[in-house]
Structures are given as structure tokens and as C-alpha cells.
Amino acid sequence: MIVFERVTKRFGGVTVLQELDFRVAEGEVFGLLGENGAGKTTALRLLCGVLKPTSGRVLVRGLEVSTRTREVRRMIGYLPEEPSMYERMSARELLHFFAGLYDVEEAEERAERMLELVGLAERADSKISTFSKGMRQRLSIARALLHEPPVLVLDEPTSGLDPLSARQLRRLIAEMSASRTVMLCTHHLQEAEELCHRIGILHGGRLVAVGTPEELKAGLEEHGWSSPTLEDVFVWYTGGGVANPGG
Amino acid sequence: MCGTRVVVLLIRVAERELRELLGCRRYLLAFAVQTLLLLALLPAFSSLLSEGGATVPVPALRGFIPVGVVDMSGDAELLLSQLSSREELSLRFYSAVPEEELRRGKIAGYLLVPPAYRESSGGGSVVLVLGNSLKAGMLQKAVEDSVTALRSELRGRAGAYPQIEVVRKFRREVVVQVEDRRYSSFFLGYLIPLVLFFPLFMTGGAVVDATTGEKLRRTLEPLLASPLSRGEIVAGKFLALWGFTGMQCTIWLGLVMLMDIPVAEPGSVLLVLLAAAASLTASGMLLGMLAKSVKEANLALMLLYIPAFIGVLYTLTAGFFTGFSPSVLPAAAVAQAVSGGTEAWKAVLPQLGIAALSLVTCRWVLGREEVLSGSRPSAVQLLREVALGGAEAGAGVKLGLLLAPFSFTTAMLLELLAAFTMLHLLPRTVALPLLVLLSALAEEMLKLLPVALFLRWRRASAGSVLACALSSAAGFSAIETALAIAGAALLGGSFSTVAAGRFLTLSMHLLATSVAALGLMRGGCLRPALISAAVLLHSAFNIMLLGAVLWV
């Protein structure tokens, strides 16, 4: 479904991603973990065709993103890290605008359904400038799902949200991911464990570990850790392999 | 993707932008206030200038006022010598009445000395026929002052005591009369075209908001991840901003016409204004895309708008006072179209060219990844990309050509600064040879800059380095040549002399820079020796050229 084939990305003289190579299967929820600046957002932007790889290629359903950009973008619903939207528009107007860009049939009905799904039907005609961050994030999800994409790309979806809003959003993502392939990056390890089938850990632009949460933890046990958490796994791979505090 | 679909997408993006603009009260308020000011000011100016006799102080420029003289008496030596002594007048003698020259604005008026006029035996009357430009008022004052001076001079002499009288004849007191309204040439030929350009400079805020604002608010990312291409995003934004400015231009032109102010060719006026709006909007968008902050974008736009506005003022002033009004300039084309008779396409095509170039660059900038983080590529980074990417020789040539404008401008500034300082501080016999040497040194060093960067950034072959050096020298020389041709065109020089001189200069530049580049490639003693040889060659050429010019 999603293939990263030896993808390297450089900005100026800085290598942000190096030889990134992994696959995400159809219907899978794949989480990318990594410290700040590890290259998570860059990887997602490459997947959406917002950026182009310096070398290597990214494929979605067999289509190469940098050559079949428009078709690939139609298959992807993208939630960027910042839920920035046109402040002077209402929620409904925003969805109608994006429905137009994605050629969504029966755009009005679809927009209403999305607004109901994310719990914003009552605020459909309010200006986005009056929305809280949680509401903006939910509206962003509605926008990303509007054209019923088979792939959902979420960049830190619960970042900056209060626990309640974050929980609501996680529930929504879990519902959405039942019928879609999802690639998300997050700093919240609990969220990753809760939502993702498999997790990849990025460190300094390299993919240093990939596996299910259980596989990753088991890998750490092989290094002598007892009952490691996902946090231990993360620290092990990104902090240079510290000694097992509980070992 | 089919054309219809692209058009639909463009319209959707443009519609959203336009709604954003029209939804902003401060733009609408600013537009309303400016329009109301226009409504109030135009009638006031119209009334003030309707008599056509407005006079402005005469600048003390030599030959600023061209005046025709028809001496039919042969006995007006003192009067003509008095007029010749006035610096601002440029006397042109004719054997017949120069009505055609006056009509075409070549002269501000003419002085007719009739056969009966005799300075030696009591004087007589002369006739001053004035045109309808502001210079006419200045000419009248200059002639009257001359006559007064002549009277007082003659009063002291024994015998002759001529009676000189000036008869004023305005060819046309007013240009156009509509019912009971009369409009001066200044009002129609200067003020109205100037007013029509105002809306072009009123949309800076909207341009910044749609480009820098959107970049910084990070609302671009969802658009970039949508099926829209970068070109469609740029084109959609441009259509909205251009449409907004175009709408304002149309409203202003409509208001001017509603006030019964006669605009001879409104269609041509609007066409030129829309073309100018396109180039200004597209250039503004490019600057907005490149800016890192709203503050920086506003400053950049100010640096674009102020010279553009000054350009409009200069064009209108030059056109009105000297008749120099090339239709390729939008302000000149609008002024001509207001009075009737223009070739609007001459102004339209270059403006559309600038707009297209700006939009293509804008699309390229949007494709740059730095833009997503609110940043922009630095000039050094871009140059490095040119030098490091593509075929080796091609990269060297591109680098040389890209840096040529910088090398040329910096060399000229340094040379001017050195000339200004040294001629003030040192005796000329010392300053001049030193200046020749210094300017050769500055030019050679600056032409070597791309070569030095190329060698630093890329392990290049001698052939590629030489290609880089030659392109740098050729680019430098091409700018010199363009300026020399423009100078010859403006000042009436000989093109064949310019061409011969430029050919020699180009040969010298190519030779000297190749020698210096060879020096740069070689290490050790050869480096300073070859670079010095290039500077000396350049200096010797300059001395020869200077000698040739002085000899001619």
C-alpha cells in the first residue's frame, strides 16, 4: 500500500532522512516515532507529495508520488501538524471549498456528514476564528476525510490538546482507521501503542527500528531488559542504548 | 488533466481568495475612503486648472524651454542676444512660422519678429505665440523679463529708444470643452493619468496577506497536499488579486468618466492599467512569497511600489514638459490614451511579460521546500545549487552569467566612490592614473568572483573554469554594452562608434578574465603574476581608450 524505497531527503546541505526503507500494508495503522527533528514530518510530507525526495521513491498503491502526484493526493487525507485554516471562513464553507478541489460528489451532504461525525454540526456556520484548538483539529480531520481517502496521514493529531479532546480525537481516529491505511507520527507513546499496529522509530533521519509494539519490547528484553515499556524502547533506540533501569 | 477542469480549479482558488479579500472590512474601508477622496479632489482640481494658465517655477536647467524664433526683420540683434543669454531658453531659428513644431510639442512657443521691427530706429512690436503646456507660462515670463532687461539697457543709450511690445497668443487656451466645462492640458495630460494609477498601489496589503500571510499562517500546506498543482495555486491567487486591483481600476476610471471628464480612449486606458496591475501584482506576489515575515514583505513591497510610483511621476512629467513620452511606458500610454491616439499594445506586452516572468518565478519559489517553514533560499544557496547541479561546463556558464549583474553594479559603485574620494583628496595628475588602475583591479576581481566560487564548490576541469570566466566577462560586457546603447539612443550618439568600442572592450574583458582565471587555477607565484597581468592589460586598454576619446 505505502512503500518508502531507500528515500533520502536533504535540505541544503543537511540530510533530514537517510535511506528510509519500509512498507505499510493495506488497512494497517503505522506510527512513526522520533525525537524533534528526527524527520517524521518530512516523511509524511514526502508521502503526500508536498516535498520531493532527493533520492529514492515513495509509492502509494503502486503509484510513484513524485510522478503521479495528483492521483496520489486524491488517495490521501492529510492532517498537518498545525490545524491552520482560513479564519474568515465558516466550517461549512471550508469543507465546501476543499470538496470542490477534490471533486467530491454530493459535496453538501458529504460536508454535513463529516461535520456531524466530528461533532461540529451545530457550529457549522461559525467562523473558524472562533474555534478552539480541539475544534480546529476535529475540523481538520473532517477536511482530511471529506473525499473518503483510502490513506490517512496524520501529523501529531493530538498535539496541544487537553486530555479530554485528545481522547475524543483518538477515538475518532480509531474509528476512521478501521477501514483505512493510516500513517501517523506522534510524540505520545501511549497513543502510538493504543492506535498503531506497527511502529517505526526514526533517529537522526534513519529508521532504527520497525515492528509491532510487542516485537519492539521483546527486542529490548533480548538486551536484558525486564518488562520494558514503549518508552523504554524509544529511549533505547533514540538515546543510544542506556542501561536497563529495572534490569 | 483537461483544460476545463484546470479552469474550474483556478476559479475555485481565485474565488476563495477574493472572498477572503472582500470579507475583510479594512480593505473595503480603505477603498471606500480613497474613492471618496478622489470624488472630492477631482472636481476641485478640475476647477482650479480649467483655465490652462497654471505656471510653475522655472527650474534653472540649461535649454529647458525650447523656443522657436522667426526673425523677419534682420534688425533684432539686441533682443535675440538678450534671449540667448537666458540659460533656461533654447533658441531654435526658423525661416517660416513653426506651427507644426508647436503643435507636436517640440517647442513651447515661438517669437515672431515682424519685418517692421527695427531696433536701430525706434523698435516695434514682436509677437509671442505660446503653446498649451506649462512651459508656455515659463516661456512667457522669460521673454517678458528679457524685454524688460532690454528696455532698461537701451534706456541708458543715446539715440535709440525702441518700443518693444509682446503680444501673447495662446494657440489653445483649453484642450477640451465639454458643455460649460473646460479642462487644461495639465489636468487631462498629467493629473487624470496620475489619478488613474492610484488603485494599483492600494492593494499591497492584500498581496502580502495572500502570500506571506498564508505562508506564515501555514494554511498553504493543506492546499499543497490537495490535488492542486503549485502553478494552479499561484495562478488562482494571482487571478483573485489581479481581479481585485482590476475592479478598483475600472471603478476609478468609471468615476472619472461619470464626472464628465473626457477620456478619449477608455478601453485603451483600462487595457494598459490592467496590464500594469498584472505586472505589479505578480511582482508583489513574488516578493511576498520570498519574505520571511509580514514586516519584511511590507518593506519589500514598499521598495517595489515607491520606484514604480516615481516612475509614473517621471514619465508623466517628462511627457508633459518635454514631449518625451515613449508609449512602451504604461504612464505615457495612459496619458496618450486619455488625450486620444495611442498604441496601447506597446505598453501592454512588456507588462504582461513581466507578470508572466514573476508568476513563473513565484511558482518556482512555492516549489521550494523552505517556503513551507516560512523561510526562503539564500542567494548563496541558490548559487551553490547552480554550481553543484547539472553538467559541469553549463553550471560554470550559468554561475558566471548569474553573478554578472552583481559584479557590474558593485564595480560601478566602487569606481564611483573611488573617483569621488580621490578626485577630492588628491591632485588630478595623481588621482587619474590611480583611478585607472583601481577600476581595472576592481573589475577584474569582481569578474573573478564566480570563478572563485566555482572552484571552491566544485572540483571542475580547466575547460569548465574557463567557460565560467568567459561567461562572467561576457555578462559584464553585455551590461556595459546595453548601457552604452541606451546612452547613445538617449543622447544621440553614433551606434557604429558604440559598436566598435564595445567590440574592443568585450575582447579585452574576455582576454583579461581568462588570464586572471588561469592565475586563480594555478597556485604559487603564477597566481599573483597572472592576475596582475590581467589588471595591467585592463589598465593599458583603459588608458588607450581614454587617449582615443580625448584625441577624437
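The values are calculated or read from the model by the stated rules, or taken from the named source; none is laboratory data. This structure is a prediction, so every number in the text was calculated from the model and none was measured. Ideal geometry is used to build each Cβ from the backbone, glycine not excepted, and the neighbour counts take in all protein chains shown. What goes into the accessible areas is simple: the full protein's heavy atoms, side chains included, and nothing from ligands, DNA or RNA. Shrake-Rupley method; radii C 1.70, N 1.55, O 1.52, S 1.80 Å.
The sole residue among B:368, B:384, B:376, B:363 that is under 30 Å from residue B:233 (Cα atoms) and touching a Pro at 6+ places or on another chain (Cβ under 7 Å) is B:368. At least 2 residues being open to solvent by 30 Å² or more (accessible area, probe 1.4 Å) is the threshold, and among the helices (runs of 4 or more DSSP H) wholly inside the range B:217-312 those reaching it are B:230-258, B:266-290. Residue pairs whose Cβ atoms lie under 9 Å apart, sitting 6 or more positions apart in sequence or on different chains, and linking a residue in the range A:187-199 that is touching a residue at least 24 places away in the same chain (Cβ under 8 Å) and closer than 17 Å to residue A:218 by Cα to a partner that is open to solvent by 60 Å² or more (accessible area, probe 1.4 Å) and not in a helix (DSSP H, G or I), are A:189/A:229; A:193/A:229; A:198/A:210; A:199/A:210.
When B:475, B:463 are checked against the criterion of being modelled with pLDDT of 90 or more, exposed (fewer than 12 other Cβ atoms within 10 Å of the Cβ) and either not in a helix (DSSP H, G or I) or not basic (Lys, Arg) (or both), B:463 stands alone in meeting it. When residue A:93 is tested against (1) acidic (Asp, Glu); (2) at pLDDT below 90; (3) within 30 Å of residue B:25 (Cβ to Cβ), exactly one condition is not met: (2).
Per-residue answers, yes or no, for (1) surrounded by fewer than 16 Cβ atoms within 10 Å (Cβ to Cβ); (2) touching a strand residue (DSSP E or B) at 6+ places or on another chain (Cβ under 9 Å); (3) closer than 30 Å to residue B:65 by Cβ; (4) not assigned by TED's automatic domain parsing to the domain that holds residue B:88:
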residue: B:333; (1), (2), (3), (4): no, no, yes, yes
residue: B:348; (1), (2), (3), (4): no, no, no, yes
residue: B:399; (1), (2), (3), (4): no, no, no, yes
residue: B:419; (1), (2), (3), (4): yes, no, no, yes
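Within the range B:411-433, the residues that satisfy the criterion of being at pLDDT 90 or above and under 16 Å from residue B:538 (Cα atoms) are B:411, B:412, B:415.
From the list A:220, A:184, A:207, the one residue that fits, being part of a helix (DSSP H, G or I) and touching a Phe, Trp or Tyr at 6+ places or on another chain (Cβ under 9 Å), is A:220. Within the range B:262-278, the residues that satisfy the criterion of being small (Gly, Ala, Ser) and closer than 13 Å to residue B:245 by Cα are B:275, B:276, B:277, B:278. Only residues that are farther than 17 Å from residue B:105 by Cα and part of a helix (DSSP H, G or I) were counted across the range B:315-336, and they come to 3.
Which residues, counting only those in the range B:196-211, are within 14 Å of another protein chain (Cβ to nearest Cβ) and over 18 Å from residue A:89 (Cβ atoms)? Answer for the range B:196-211, where residues must be within 14 Å of another protein chain (Cβ to nearest Cβ) and over 18 Å from residue A:89 (Cβ atoms): there is none.
Suppose we filter the range A:1-49 for residues that are assigned to a strand (DSSP E or B), more than 14 Å from the chain's Cα centre (by Cα) and more than 12 Å from residue A:183 (Cβ to Cβ); how many remain? Total satisfying the criteria: 15. Checked against (1) farther than 23 Å from residue B:232 by Cα; (2) within 14 Å of chain B (Cβ to nearest Cβ); (3) among the polar types (S, T, N, Q), residue A:140 meets all criteria but (1). Summed over the range A:55-71, residues that are closer than 15 Å to residue A:149 by Cα and touching a residue at least 24 places away in the same chain (Cβ under 8 Å) total 2. Comparison of A:122, A:105, A:87 shows that the only residue that is at pLDDT 90 or above and among the acidic types (Asp, Glu) is A:122. The single residue among B:535, B:498 that is free of Cβ contacts under 8 Å to residues at least 40 places away in the same chain and assigned to a helix (DSSP H, G or I) turns out to be B:498. The residues of the range B:377-397 that are touching a helix residue (DSSP H, G or I) at 6+ places or on another chain (Cβ under 6 Å) and away from chain A (no Cβ under 12 Å), listed by number, are B:386, B:387, B:392, B:393, B:395, B:396, B:397. Entry remark, the range B:508-550: residues being of a type outside the set (A, V, I, L, M) and within 37 Å of the chain's Cα centre (by Cα) number 8 in total.
Condition check ((1) within 18 Å of residue B:229 (Cα to Cα); (2) of a type in the set (Gly, Ala, Ser); (3) surrounded by fewer than 21 Cβ atoms within 10 Å (Cβ to Cβ)) across all residues:
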position	(1), (2), (3)
A:1	no, no, yes
A:22	no, no, yes
A:31	no, yes, no
A:69	yes, no, yes
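Residue-wise test of (1) modelled with pLDDT of 85 or more; (2) in a helix (DSSP H, G or I); (3) within 12 Å of another protein chain (Cβ to nearest Cβ).
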residue	(1), (2), (3)
B:1	no, no, yes
B:8	yes, yes, yes
B:11	yes, yes, yes
B:20	no, yes, yes
B:27	no, yes, yes
B:31	no, yes, no
B:34	no, yes, no
B:44	no, yes, no
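Among the criteria (1) away from chain A (no Cβ under 11 Å); (2) in contact with a Gly (Cβ under 8 Å, 6 or more places away or on another chain), the one residue B:413 does not fulfil is (2).
Assess whether residue B:96 counts as being open to solvent by less than 20 Å² (accessible area, probe 1.4 Å), outside the structural domain of residue B:325 (by TED's automatic domain parsing) and of a type outside the set (Ser, Thr, Tyr). Answer is no for this residue.
Count of the range A:89-122 residues, restricted to those that are crowded, with 16+ Cβ neighbours inside 10 Å and either farther than 21 Å from residue A:172 by Cα or among the small types (Gly, Ala, Ser) (or both), is 13.
Among the conditions (1) of a type outside the set (Phe, Trp, Tyr); (2) loosely packed, with under 13 Cβ neighbours inside 10 Å; (3) not assigned by TED's automatic domain parsing to the domain that holds residue B:214, the only one that residue B:404 does not satisfy is (2).
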